[in-house]
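Engineer: One structure is given below, represented as structure tokens, and several questions about it will come after.
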Amino acid sequence: MSDNHAAATSTRMDMKLEIVVLPVSDVDRAKTFYAKLGWRLDADYASDVGDFRVLQFTPPGSGCSVIFGRNVTSAAPGSAQGLYLIVSDVVAAREKLLAEGLEISEVFHDAAGVYVGEDEHYLFGSLRAAGRDPDGRSYRSFASFKDPDGNHWLFQEITTRQPGRIEAAATTFNSAAELAATLRRAGAAHGVHEKATGGEYDVNWPDWYAEYIVQEQAGGALPS
């Protein structure tokens, strides 16, 4: 093996997940459903050859899209289960679906393990608990819904990433509402910081906020 080849194979190669295939029975019904979710329609292509049709939708702020159609997959309609949609406010996300007339579960939280299915059980045998996580912990609050074929989706609320799951230089926000929610958390934390330092006005609060926001999203150590 040449030195150049060895160097190339040791370099990290980006592998970006961009497409998830959904098995559906009625293409136009599925198109109407995902459009009501507010997802962007990227493509609707049909071909007479092989009775083929494919549609692509992308959720707001997502780098990954879904495709479905005719003769796109041999999987049984409705067999896609446990598809996660990450949101910064699960209550607001649920209310948006309800406003569109779509059915969605009540908000529930994970009291111990990781939610894995619609049977109301979690990994390690814990039961679903009603309401948002009482301690406001990231990764622990959910709401679930299905498309008309029964493909199963989960809203999962994530406000702080586990360490190492995002690069600090990649801090991004998908909406003004998401940024506002982050600023509110930073403001509450900064209030605690000011009390701990004698209650005096912190002239460097912009630096403190910036560090908090970057570290929270990257799963790093929050300023105290």
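Laboratory data are not the source of any read-out in this text; all were calculated from the coordinates shown. A quick note: this is a predicted structure, and the numbers were derived from the prediction, not measured. Cβ coordinates were reconstructed from backbone atoms using ideal geometry, including for glycine residues, and neighbour counts include every protein chain displayed.
Engineer: Using mean Cβ contacts within 10 Å as the protection proxy, how do 61-72, 186-197 order, highest first?
Structural biologist: Numbers: 61-72: 16.4, 186-197: 13.1.
Packing order, densest peptide first, comes out as 61-72, 186-197.
Engineer: Calculate how many DSSP beta bridges within segment 16-76 are antiparallel, expressed in % of all such bridges and rounded to the nearest 5.
Structural biologist: On the way: 12 of 15 bridges.
Rounded to the nearest five, the antiparallel share is 80 percent.
Engineer: Which order do peptides 138-148, 22-32 fall in by mean Cβ count within 10 Å, highest first? It would help to have the intermediate numbers written out before the result.
Structural biologist: Working: 138-148: 19.7, 22-32: 16.9.
Those peptides, ordered most packed to least, come out 138-148, 22-32.
Engineer: On to the next question. With r defined as the distance between the Cβ atoms of Asp26 and Ala196 and R0 fixed at 41 Å, what FRET efficiency is calculated, to the nearest 0.05? Don't skip to the answer; put the middle values down first.
Structural biologist: On the way: r = 58 Å, r/R0 = 1.43.
It comes to 0.10.
Engineer: Now for a separate question. Can you tell me the order of 51-60, 37-46 when each peptide is scored by its average per-residue count of other Cβ atoms within 10 angstrom, highest first? Let's see the in-between values first.
Structural biologist: Working: 51-60: 17.1, 37-46: 13.2.
Top to bottom by mean Cβ count within 10 Å: 51-60, 37-46.
Engineer: Quick check: pseudo-label points 7 Å beyond the Cα along Cα→Cβ at Ser224 and Val49, how many nm apart are they?
Structural biologist: Here the modelled spin labels are 6.5 nm apart.
Engineer: Which three semi-axes in whole Å describe the equivalent ellipsoid of segment 16-76, each the square root of 5 times a Cα gyration tensor eigenvalue, listed largest first?
Structural biologist: Numbers: eigenvalues 72, 33, 23 Å².
The equivalent ellipsoid of segment 16-76 has semi-axes of 19, 13, 11 Å.
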